[in-house]
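Asker: First, the structure itself, so that you have it in front of you.
The values are calculated or read from the model by the stated rules, or taken from the named source; none is laboratory data. What you see is a predicted model; the values in this text were computed from it and never measured. As a convention, Cβ positions derive from the backbone with ideal geometry for all residues, glycine included, and neighbour counts pool all protein chains shown. Keep in mind that these areas ignore ligands, DNA and RNA; they rest on the heavy atoms of the full protein, side chains included. Shrake-Rupley method; radii C 1.70, N 1.55, O 1.52, S 1.80 Å.
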Amino acid sequence: MTEKTSNAMWGGRFAAGPDAIMEAINASIGFDQRMAAQDIAGSRAHAAMLAATGIVSDNDAEAMREGLLTVLSEIETGKFEFSTALEDIHMNVEARLKDLIGEAAGRLHTGRSRNDQVATDFRLWVRDQVDAVDGALIALMRALLGQAEAGADWVMPGFTHLQVAQPVTWGHHMMAYVEMLGRDLSRFRDARARMNECPLGAAALAGTSFPIDREMTARELGFDRPCANSLDAVSDRDFALEFLGAASICAMHLSRLAEELVIWSSAQFRFVKMSDRWSTGSSIMPQKRNPDAAELLRAKIGRIFGANVALMTVMKGLPLTYSKDMQEDKEQVFDAADNLMLGLAAMAGMVGDMQANRAALEAAAATGFSTATDLADWLVRALDMPFRDAHHVTGSLVALAESRGCDLPDLTLADMQSVHEAITGDVFSVLGVANSVASRVSYGGTAPLRVREQVARWKAVLE
């Protein structure tokens, strides 16, 4: 296909072609060629419908459908020459189809517009991407489930304000991310269901006078139904915004986990060891083992957030229906989708390969007076003490241990009775970190029993 000085697809209205700058700002083929498969699928469905309704002949429709498969093959094998003069993927495909089958190609655009065509292509592309994200999320969740199951009873510190708070289990911590990603999975699936309406047949904005069958094209393309309002069909980009919104929340979850991996793999924590596949060395410091994959993932999340804001900004001031501004809807979505898929795959790899340091986790769990809440709870249960009083007594015991340079379990019974004389030796049964986590048997708690129940539940859900 040769470059053309003017776009013949515009017809006779324009005598002169755009200059180079106008062509550069107007053309979208540099990025919307990513929708080639969706564009051709939409056109093949449209051609079949035109024949079924008698708008075009069966012979012409068959020529269109076969010719479009040839175009798709040329694109997929790298033989297709894209033309910026033809602006976009729709015109590039139609022009090549005309080269292949002649006059019949001109009948393909009957009963549709580029407005409903691009809305359909873009919906199909985003829907395909949602399906890809669905699979990637499940892969990451399974990697986390593997870690949780292996470490269901491994004790580690739980944090608030990044300060040691109470002992939890490694499995419980991993399952927190499974819950987050489960909500992400639900959001993407919910968005998919809502976006699964077909704009094709809305034409430019008002529908068409041709006796088209929109139900047929919707079925052919796997949509649940046609969009009910032609104005909304061509101007709606909520489906892309919902994708970016769900992607942003999911990306935030990935970034939080990446941040923990960066912290945990440091020499100060030593909670995990990242495999060589996801680490790099230093050019000058031979001892360094840098969690670069986690750091890069943490940074790439900003691009997904940015895409969400960018598309909201494009759409916020547009009157109905289509405006050329909406050509700027795709690059942000493409970039966000690429980075989300990369982030999900990288995190699944990191989580699957990482090795938790059980000894370091347990040692850290026993620091920072992490069983102080267990002591306060014991005072309430054993001595029938109001919790606020128990909190005060426990605080005094923590201060005493701190002054002695020891932890709560290291205090003697006499030490404890010097603060409150009713304390008995039974108190030591709740001060070990293993005892602490085992006692947290409330639904959603960190007890190994509850962790294993949640692992089993999620395994069943993901089957």
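Asker: Out of the GluC sites (Glu not before Pro) in the range 57-142, which ones are loop residues according to DSSP with at most 12 other C-beta atoms within 10 Å?
Answerer: Glu81
Asker: Additional query: Per residue, how much accessible area does the chain have with a 1.4 Å probe, in Å²?
Answerer: That works out to 46 Å² for each residue.
Asker: Lysine pairs in the range 114-363 8 or more apart or on different chains: how many have alpha carbons under 20 angstrom apart?
Answerer: Values: Lys273/Lys288; Lys300/Lys330; Lys316/Lys324; Lys316/Lys330.
Lysine pairs meeting both conditions in the range 114-363 amount to 4.
Asker: Please work out whether the range 127-260 counts as rounded, prolate or oblate from its C-alpha gyration tensor, where a ≥ b ≥ c are the square roots of the eigenvalues and a/c under 1.5 means rounded, while otherwise a/b larger than b/c means prolate and anything else oblate?
Answerer: Here the range 127-260 falls in the prolate category.
Asker: Sort the range 253-401 into rounded, prolate or oblate with this rule: let a ≥ b ≥ c be the square roots of the eigenvalues of the Cα gyration tensor; rounded if a/c is under 1.5, and if a/c is not under 1.5, prolate when a/b is larger than b/c, oblate otherwise.
Answerer: Because a/c hits 1.5 or more and a/b fails to exceed b/c, the range 253-401 counts as oblate.
Asker: Can you find, among Met175, Thr321, Pro157, the residue farthest towards the positive end of the dipole of the range 114-363? Put +1 on the C-beta of Lys and Arg, -1 on that of Asp and Glu.
Answerer: Pro157
Asker: Continuing with this model, one more query. Roll a 1.4 angstrom probe over the protein heavy atoms and tell me the percent of accessible area of the range 371-418 that is carbon or sulfur. Show your work: numbers first, answer last.
Answerer: Details: 1310 of 2520 Å².
Solvent-exposed carbon and sulfur of the range 371-418 make up 52 percent of the total.
Asker: Largest first, what is the accessible-area ranking of Trp458, Trp154 with a 1.4 Å probe?
Answerer: Trp154, Trp458
Asker: Right, another one. Quick one, can you get me the convex hull of the C-alpha atoms of the range 23-164 expressed as volume per residue in Å³?
Answerer: Numbers: hull volume 28.2 nm³, N = 142.
Convex hull of Cα atoms, per residue: 198 Å³.
Asker: Could you quote the convex hull projected area for the range 20-107, Cα atoms only and averaged over all directions, in nm²?
Answerer: Convex hull of Cα atoms, orientation-averaged projection: 5.7 nm².
Asker: While we're on this one: Count charges around Ser403 for me, please; just the other residues with Cβ under 15 Å from its Cβ, Lys/Arg as +1, Asp/Glu as -1.
Answerer: Spelling it out: positives minus negatives among the neighbours equals -3.
Asker: Could you point to the residue in Thr110, Ala365, Val93 farthest towards the positive end of the chain's charge dipole, with +1 and -1 charges on the Cβ of Lys/Arg and Asp/Glu respectively?
Answerer: Sorting the options by dipole projection puts first Ala365.
Asker: At a threshold of 8 angstrom on Cα-Cα distance, excluding pairs fewer than six apart, so keeping six or more, what relative contact order does the range 162-259 reach in percent?
Answerer: 32
Asker: Once you order the gyration tensor axes a ≥ b ≥ c over the Cα atoms, which shape class does the range 114-363 get: rounded for a/c under 1.5, otherwise prolate or oblate by comparing a/b with b/c? The partial results should precede the final answer.
Answerer: Values: a/c = 3.11, a/b = 2.41, b/c = 1.29.
Because a/c hits 1.5 or more and a/b exceeds b/c, the range 114-363 counts as prolate.
Asker: Ignoring ligands, DNA and RNA, what percent of the accessible area of the range 20-107 is carbon or sulfur (1.4 Å)?
Answerer: With neighbouring chains kept in place, the figure for the range 20-107 is 49 percent.
Asker: Using a 1.4 angstrom probe on the protein heavy atoms only, could you order Lys98, Lys330, Lys324, Lys316 from most to least accessible area? Walk me through the intermediate numbers first.
Answerer: On the way: Lys98 125, Lys330 10, Lys324 95, Lys316 165 Å².
So, going from the largest accessible area down, we get Lys316, Lys98, Lys324, Lys330.
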